[in-house]
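What follows is one structure encoded as structure tokens, with my remarks underneath.
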Amino acid sequence: MSATHVAVIGGGLIGMSWSSLFLAQGLRVTVVDPRASVAEDLAGFVKDAWPALQALGLARSEGPPLAEVTSDWKALSAVDFVTECGPDRIEIKAQMLAELEAAIGPEVIIASSTSSLLASDIQQDAKHPERVLVAHPMNPPHLVPMVELVAGDKTGEAFMQEAETFYQSLGRVTIRVKKEMVGHLANRLTSALYREAVYAVEAGIATVEDVDKAIAFGPGMRWAFMGPHLTYHLGGGAGGYRHYLDHLGPTQEARWREHGLPHLTEALKDDLVAGVARELETQDEDTLVERRDAALVELAKLKQRFGL
């Protein structure tokens, strides 16, 4: 895959983040978005992202180039890869797909960043459904390297391989989700944890602040370097994962049966929002994203250093 001109459909947070990475890698980027403020917003986002991209060795030039921003779908006639970052509503996806297919060649991949919709549903009315797939990142995709690739019923394997090669060429870590599910894989995992985090507050087990501390200073420290399976392999000691499953698996099953199913009542939402407000009292909220991104850069460098 040797894409040189990438279209980004939608200039929101994810679209701007993807655009930053594409520009850093020396690609020509055309962003399609009708809003008047997008060009200015995107230029500011890329400028702010550039030092982090340079620190990670992802920027191929000294200064950030500019993307082309347009509302004219005809401007995409020469693109050779499309990243779709529109709203997660299937009727909007269908409308954008129709506009795209009228403007681009039949061999150009359309990769949707959807967080939950199925590729099969997105491609159902496409003229060339074989080139439509899901390539879902985690926010912000210019700093968090994972991209999960999901094929729809009609997606061609050659297009999946081409997309995988493209993202890997950008320094992304790709995974293949073998079966379509709402939320794919990464969001289902995070959703399972978030459900229990919300239930802990609803049931009076812990405050919002302590739930966040429990993850950030507990399992989150380990998860930054290895996933749950490998973590529990180490937890099994000399016997490894098999020993862990044989001896501690029953306690895991017992906890699974106790997991809660919270209900987002207005009272619970008030409690959650108030808890975050208390957390922010000890933080400089204006620099929170900046500090998070700086920490992500250092974490990525640390993982590279130790091969994790």
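The values are calculated or read from the model by the stated rules, or taken from the named source; none is laboratory data. Predicted, not measured: the structure shown is a model, and the values here were computed from it. Every residue, glycine among them, receives a Cβ derived from its backbone with ideal geometry; neighbour counts consider all protein chains shown. Side chains are part of the model used for accessible areas, which takes the heavy atoms of the whole protein and leaves out ligands, DNA and RNA. Shrake-Rupley method; radii C 1.70, N 1.55, O 1.52, S 1.80 Å.
Cβ separations smaller than 9 Å between residues 6+ apart or across chains give the following pairs from the range 190-203 residues that are over 18 Å from A274 (Cβ atoms) to residues that are open to solvent by 60 Å² or more (accessible area, probe 1.4 Å): A192/H259; R195/H259; R195/L261; E196/H259. Just one residue in the set Y232, Y194, Y241, Y199 is under 17 Å from S116 (Cβ atoms) and open to solvent by 40 Å² or more (accessible area, probe 1.4 Å); that residue is Y194. Taken as a whole, the range 62-79 holds at least one residue that is open to solvent by 40 Å² or more (accessible area, probe 1.4 Å), assigned to a loop (DSSP other than H, G, I, E, B) and over 19 Å from L27 (Cβ atoms). Would you mind stating whether L189 is within 18 Å of P140 (Cα to Cα) and open to solvent by 80 Å² or more (accessible area, probe 1.4 Å)? Yes; evaluated as a whole, the condition is true for this residue.
Taken over the range 212-234, the residue count meeting the criterion of being touching a residue at least 60 places away in the same chain (Cβ under 8 Å) and in a helix (DSSP H, G or I) is 1. Would you confirm whether or not the range 235-249 contains a residue that is in a loop (DSSP other than H, G, I, E, B) and either closer than 30 Å to F81 by Cβ or modelled with pLDDT of 95 or more (or both)? So far as the range 235-249 goes, yes, one or more of its residues are in a loop (DSSP other than H, G, I, E, B) and either closer than 30 Å to F81 by Cβ or modelled with pLDDT of 95 or more (or both).
Of the residues making up the range 1-34, just one is surrounded by fewer than 17 Cβ atoms within 10 Å (Cβ to Cβ) and in a helix (DSSP H, G or I), namely L13. Would the range 258-272 turn up any residue that is under 25 Å from the mean Cα position of the chain (by Cα), modelled with pLDDT of 95 or more and of a type in the set (V, I, T)? Looking for residues that are under 25 Å from the mean Cα position of the chain (by Cα), modelled with pLDDT of 95 or more and of a type in the set (V, I, T), one finds none in the range 258-272, hence no.
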